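K.L.:
Please find one structure pasted underneath; my questions will follow.
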C-alpha cells in the first residue's frame with residue numbers, strides 16, 4: 001500500500017508541477033497591458049511558479065515513501081505530505097490566486113486541477129498516516 | 001462467525017479481486033451520476049435563464065440569433081446592432097405591452113483599464129426595463145444611478161479595491177443576481193446613461209475607447225399583453241418590422257437543446273457499454289473467486305453452514321464492495337463536477353447550474369443503487385452455483 005501511495009504522490013506531484021506551466025495566462029500568450037503600454041505577467045503565473053516549489057519536495061516525499069520501511073518514517077512523511085497538500089490548495093485559492101475571469105484557462109482548469117491534486121495528496125497522506133499510526137501502536 | 005464477518009475476511013483476503021470489483025462499481029456509479037448531473041444541470045440552467053430574462057419575445061437583428069444565444073448563455077461578447085427606431089415599430093404591433101431596448105457590450109481583453117477581461121456587459125433603458133428594475137426595487141429598494149451596476153453571481157469587486165474598472169471607468173457594484181449557471185452569471189448590467197458615460201470618457205481613460213454606434217441598439221425585450229398569444233405577436237413583428245428576428249422564449253436556445261439531446265444519447269451509449277463490460281468483468285471475477293474458494297465453502301457446508309448462509313455471505317461481499325466503490329465514485333464525481341463546472345460548460349458549450357442538495361442526494365442514491373444492483377446481478381449466478389453445490393463434491397475436487 002505504501003508503495004502505491006508513493007507512486008501516486010509522485011504522479012500527483014508531476015501534475016502539480018507541470019500542468020500549471022501550460023495552463024497559466026503567460027503560456028497562453030496573455031499578459032496584462034498597463035496604461036503605459038508596458039506588459040506584466042498576470043498573478044496566475046506566480047501561482048504556477050510557486051507550485052513548482054511544492055512539486056519538487058512532493059516528488060522527494062513520494063520517493064521516500066516508496067522506499068521507506070520504518071513505520072515512524074512513514075508517519076513523518078505522511079504529516080509533511082498533508083502539509084504540502086494543504087499549500088498546493090492554498091496557493092491558487094488564497095495565498096496568490098488566479099485571474100478573476102472564470103472563463104480563463106487558469107481559473108477553470110489550472111485552479112480546479114491544483115485543488116483536486118492537493119486534496120488527493122491530503123487524502124493519501126491521511127490514509128498512510130492512519131495505517132502507519134495503527135502499526136506503530138500495535139508494535140508498542 | 002456470521003456472514004458479514006465471513007464476507008469481510010474474504011474481501012481482505014484477496015485484495016486484487018476486491019480492487020477490480022471496487023473500480024468497476026466506481027466507474028458505473030460515477031459515470032451515471034456525471035451524466036445525470038450535467039444534463040439535469042444544463043436543463044435547469046436553460047429554464048432559469050428564460051425565467052430571468054422575463055420576456056415573452058426577444059427581438060434581435062436578422063442573422064444574429066446564434067450570437068445572442070451564445071452571449072446570454074455562454075457570456076461570449078457579441079457586437080450586434082440594429083437601428084433604435086425598431087423599438088417604436090415593435091411597440092405599435094397589436095398585443096405588445098412593453099418593449100425595452102438593450103445594448104450588448106464587452107470589456108477589453110487583458111487590459112489593465114478593465115478589472116475583468118472580455119466581460120459581457122448589458123446596458124438597459126431604466127424607463128422601460130421590466131427584467132432588472134423590478135428585481136432591484138425588491139432587493140435594494142432603489143434604482144441604479146450613474147456609475148452603478150448589478151452583476152451576475154460571479155461578478156465581484158477585485159480584492160483590495162472598492163470599484164470595478166471598465167474602460168478605466170470606476171463602477172460601483174450594488175448587488176449580485178442569483179446564479180443561473182449561464183453567461184448571465186458573468187454579466188454586468190447598468191443603465192444606458194452609464195454606458196454612454198463610459199463611452200464618453202473611455203478615449204482618455206482606457207487602452208481602447210468603447211464605441212457605441214449612434215441611434216443603435218443590440219436587442220429589444222418584448223412583453224405581450226396578458227391573454228394574447230406570444231406566437232401571434234412574434235409573427236406580426238416578423239411581418240411588420242424589417243431586418244429583425246423575433247425569438248419566442250419557449251423557442252430560445254433551440255440549438256443548445258438539440259446539442260443536449262445529442263449529448264444525452266452519446267452518454268447513454270457510453271454508460272450502457274461501461275455497464276455491460278463491468279457486469280461481465282465482475283461476473284468473471286466472482287466466478288473465479290467461487291472456483292478458488294470451492295473447497296473452503298465445501299468445508300463450511302460440511303461444518304453445518306446452510307446454502308442460504310453461503311449465498312448470503314457471497315452476496316454480502318459483493319454488496320460491501322459495490323457500496324465502497326459506488327461511494328468513492330459518487331463522492332469523486334461530485335467533487336470533480338463542482339470543481340470543473342466552468343471547464344465543462346466551456347468544453348461542452350452548455351450552461352450548467354449545480355442542483356439543489358435534495359436533488360443531488362436523490363441522484364447520488366440512484367448512482368449508488370445502480371452500482372449495488374450491477375454488482376449484485378453479476379455476482380448472483382456464480383454465488384448461486386457455488387452455494388448449491390454438494391459439499392462432498394466441492395471438497396473432493
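The values are calculated or read from the model by the stated rules, or taken from the named source; none is laboratory data. Fair warning: this is a prediction, and the values are worked out from it, not measured in the lab. Heads up, the Cβs are rebuilt from the backbone with ideal geometry, glycines too, and the neighbour counts pull from every protein chain shown.
K.L.:
Go through (1) surrounded by 17 or more Cβ atoms within 10 Å (Cβ to Cβ); (2) farther than 30 Å from residue B:357 by Cβ; (3) modelled with pLDDT of 85 or more for residue B:88 and report which single condition fails.
P.N.:
It fails just one condition, (1).
K.L.:
From the set of residues in segment A:16-26 that are surrounded by 18 or more Cβ atoms within 10 Å (Cβ to Cβ) and part of a helix (DSSP H, G or I), which is nearest to the other protein chains (Cβ to nearest Cβ)?
P.N.:
Step by step, filter segment A:16-26, then rank; the result is A:23.
K.L.:
A further question on this structure: Looking at the structure I just gave you, is residue B:115 without any contact (Cβ under 8 Å) to a residue 12 or more places away in the chain and either buried (at least 22 other Cβ atoms within 10 Å of the Cβ) or not in a strand (DSSP E or B) (or both)?
P.N.:
Taking the combined requirement at face value, the residue does not satisfy it.
Residue-wise test of (1) away from chain B (no Cβ under 14 Å); (2) without any contact (Cβ under 8 Å) to a residue 40 or more places away in the chain; (3) under 30 Å from residue B:114 (Cβ atoms); (4) surrounded by 16 or more Cβ atoms within 10 Å (Cβ to Cβ).
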{"residue": "A:28", "(1), (2), (3), (4)": "no, no, yes, no"}
{"residue": "A:42", "(1), (2), (3), (4)": "no, no, yes, yes"}
{"residue": "A:115", "(1), (2), (3), (4)": "no, yes, yes, yes"}
{"residue": "A:122", "(1), (2), (3), (4)": "no, no, no, yes"}
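K.L.:
Now, a different point. How many of the residues making up segment B:155-186 are buried (at least 18 other Cβ atoms within 10 Å of the Cβ), part of a loop (DSSP other than H, G, I, E, B) and at pLDDT 80 or above?
P.N.:
Of the residues in that region, 4 qualify.
K.L.:
If you don't mind, there's one more thing I want to ask. Please go through segment B:262-287 and pick out each residue that is over 17 Å from residue B:375 (Cβ atoms) and touching a residue at least 12 places away in the same chain (Cβ under 8 Å).
P.N.:
Of everything in segment B:262-287, those that are over 17 Å from residue B:375 (Cβ atoms) and touching a residue at least 12 places away in the same chain (Cβ under 8 Å) turn out to be B:263, B:264, B:267, B:268, B:270.
K.L.:
Moving to a separate point now. Any residue at all in segment B:129-149 that is in contact with a helix residue (DSSP H, G or I) (Cβ under 9 Å, 6 or more places away or on another chain), in a loop (DSSP other than H, G, I, E, B) and within 14 Å of another protein chain (Cβ to nearest Cβ)?
P.N.:
No.
K.L.:
Determine which member of the set B:369, B:322 is touching a helix residue (DSSP H, G or I) at 6+ places or on another chain (Cβ under 8 Å) and assigned to a helix (DSSP H, G or I).
P.N.:
Unique residue meeting the criteria: B:322.
K.L.:
Further question: Anything in segment B:334-363 that is in a loop (DSSP other than H, G, I, E, B), more than 9 Å from every other protein chain (Cβ to nearest Cβ) and buried (at least 19 other Cβ atoms within 10 Å of the Cβ)? List them, or say none.
P.N.:
Within segment B:334-363, B:350, B:351, B:352, B:353 qualify.
K.L.:
Would you be able to say whether some residue in segment A:90-111 is more than 14 Å from chain B (Cβ to nearest Cβ) and either modelled with pLDDT under 95 or in a helix (DSSP H, G or I) (or both)?
P.N.:
Yes, because at least one residue in segment A:90-111 is more than 14 Å from chain B (Cβ to nearest Cβ) and either modelled with pLDDT under 95 or in a helix (DSSP H, G or I) (or both).
K.L.:
Mind checking which pairs have a first residue in segment B:1-20 that is over 16 Å from residue B:324 (Cβ atoms) and a second that is surrounded by 13 or more Cβ atoms within 10 Å (Cβ to Cβ), Cβ under 7 Å, 6 or more apart or different chains?
P.N.:
Close Cβ pairs satisfying both conditions: B:3/B:309; B:3/B:312; B:3/B:313; B:3/B:316; B:6/B:313.
K.L.:
Turning to a different aspect of this structure: Go through segment B:118-127 and count every residue that is away from chain A (no Cβ under 13 Å), in contact (Cβ under 8 Å) with a residue 40 or more places away in the chain and either more than 27 Å from the chain's Cα centre (by Cα) or not in a strand (DSSP E or B) (or both).
P.N.:
Summing the residues that are away from chain A (no Cβ under 13 Å), in contact (Cβ under 8 Å) with a residue 40 or more places away in the chain and either more than 27 Å from the chain's Cα centre (by Cα) or not in a strand (DSSP E or B) (or both) in segment B:118-127 gives 3.
K.L.:
On the basis of being at pLDDT 95 or above and away from chain B (no Cβ under 12 Å), does residue A:47 make the cut?
P.N.:
When the stated conditions are applied, residue A:47 passes them.
K.L.:
Same structure, new question: Quick one: which helices (runs of 4 or more DSSP H) lie wholly within segment B:1-75 and hold at least 1 residues that are modelled with pLDDT under 85 and closer than 26 Å to residue B:267 by Cα?
P.N.:
B:15-53, B:65-74
Let's see how each residue does on (1) without any contact (Cβ under 8 Å) to a residue 60 or more places away in the chain; (2) surrounded by fewer than 19 Cβ atoms within 10 Å (Cβ to Cβ); (3) farther than 24 Å from residue A:37 by Cα; (4) within 14 Å of chain A (Cβ to nearest Cβ):
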position: B:194; (1), (2), (3), (4): no, no, yes, no
position: B:198; (1), (2), (3), (4): yes, no, no, no
position: B:205; (1), (2), (3), (4): no, yes, no, yes
position: B:209; (1), (2), (3), (4): yes, yes, no, yes
position: B:216; (1), (2), (3), (4): no, yes, yes, no
position: B:224; (1), (2), (3), (4): no, no, yes, no
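K.L.:
Could you pull out the residue among B:187, B:261 that is within 14 Å of chain A (Cβ to nearest Cβ) and within 27 Å of the chain's Cα centre (by Cα)?
P.N.:
B:187
K.L.:
Identify, please: which residue in segment B:288-333 is touching a residue at least 12 places away in the same chain (Cβ under 8 Å) and within 14 Å of chain A (Cβ to nearest Cβ) and is, among those, farthest from residue B:2 (Cα to Cα)?
P.N.:
Looking at residues that are touching a residue at least 12 places away in the same chain (Cβ under 8 Å) and within 14 Å of chain A (Cβ to nearest Cβ), I get B:333.
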